[in-house]
1. Can you tell me which condition Cys17 does not meet? The list is (1) assigned to a loop (DSSP other than H, G, I, E, B); (2) closer than 30 Å to Pro137 by Cα; (3) not aromatic (Phe, Trp, Tyr), and all the others hold.
2. Output the strands (runs of 3 or more DSSP E) that fall wholly within region 27-115 and possess 1 or more residues being farther than 30 Å from Val136 by Cα and in contact (Cβ under 8 Å) with a residue 12 or more places away in the chain, or say none.
3. Take the conditions out of contact with any Pro (no Cβ under 9 Å at 6 or more places or on another chain), surrounded by 15 or more Cβ atoms within 10 Å (Cβ to Cβ) and farther than 16 Å from Val39 by Cβ and apply them to Ser64. Does it pass?
4. Quick check, is Arg109 surrounded by 13 or more Cβ atoms within 10 Å (Cβ to Cβ), basic (Lys, Arg) and under 11 Å from the mean Cα position of the chain (by Cα)?
5. Of the numbered conditions (1) under 14 Å from the mean Cα position of the chain (by Cα); (2) surrounded by 19 or more Cβ atoms within 10 Å (Cβ to Cβ), Gly59 satisfies every one except a single condition; which is it?
6. Failed condition for Gly26, given (1) at pLDDT 95 or above; (2) loosely packed, with under 12 Cβ neighbours inside 10 Å, with all others met?
7. Select, from Val103, Val136, Val92, the only residue that is exposed (fewer than 14 other Cβ atoms within 10 Å of the Cβ), over 13 Å from the mean Cα position of the chain (by Cα) and closer than 19 Å to Ile16 by Cβ.
Amino acid sequence: MDSTEQSTKLQLAYTICCDDVRLEVGNKLSLMGVFHQIVVQQFPVTLMKFAVVNQWRGGGRHLSEVRILTPDRQQAVVLAEPSPFEIMQGGVANNISFFFNVVFPAPGRYHVQTLVDSTLMDEQELTLLHVDSTGVPVADNTSEAIN
């Protein structure tokens, strides 16, 4: 690989799911309500707002897409509009996808996929867990897949 290819090689530093993101003074991100699972008492459940934050290293101009698939990967729960980002040489870029009024139909392990330039770059699990009013997991058909 020559030096040009190496300097523009794209790397995903991290993916974080959270309730909200703010841009602060000094180009710093403040993440509120970071989560890796969602615990609710009934399904379907609607999340009013949440975000998926990706930080990239490398270089060049790219187009990012985030999608969340059902546990069986047969349907998209939500798709983000493609979002362009640019990484200056030797720098980083943050790409944030906001989602509103997303309905999750059932508990299970959903798949948060990040694509760049139409290529799948990363996949994270987002677990939705069904609990009763005391916080005990409800036994149903999909709870075995979560344990």
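The values are calculated or read from the model by the stated rules, or taken from the named source; none is laboratory data. Every value quoted in this text rests on a predicted model; they were computed, and no experiment measured them. When we count neighbours, we look across all protein chains shown, and the Cβ atoms used for this are built from the backbone with ideal geometry, even at glycine.
1. Failed condition: (1).
2. Values: elements: 28-32, 37-40, 45-57, 60-69, 76-79, 83-87, 92-104.
Passing ranges, in order: 28-32, 45-57, 60-69, 76-79, 83-87, 92-104.
3. no
4. Working: surrounded by 13 or more Cβ atoms within 10 Å (Cβ to Cβ): yes; basic (Lys, Arg): yes; under 11 Å from the mean Cα position of the chain (by Cα): no.
Spelling it out, it is not the case that Arg109 is surrounded by 13 or more Cβ atoms within 10 Å (Cβ to Cβ), basic (Lys, Arg) and under 11 Å from the mean Cα position of the chain (by Cα).
5. Every listed condition holds for Gly59 apart from (1).
6. All conditions are met except number (1).
7. On the way: Val103 fails: closer than 19 Å to Ile16 by Cβ; Val136 fails: closer than 19 Å to Ile16 by Cβ.
Going through Val103, Val136, Val92 in turn, just one is exposed (fewer than 14 other Cβ atoms within 10 Å of the Cβ), over 13 Å from the mean Cα position of the chain (by Cα) and closer than 19 Å to Ile16 by Cβ: Val92.
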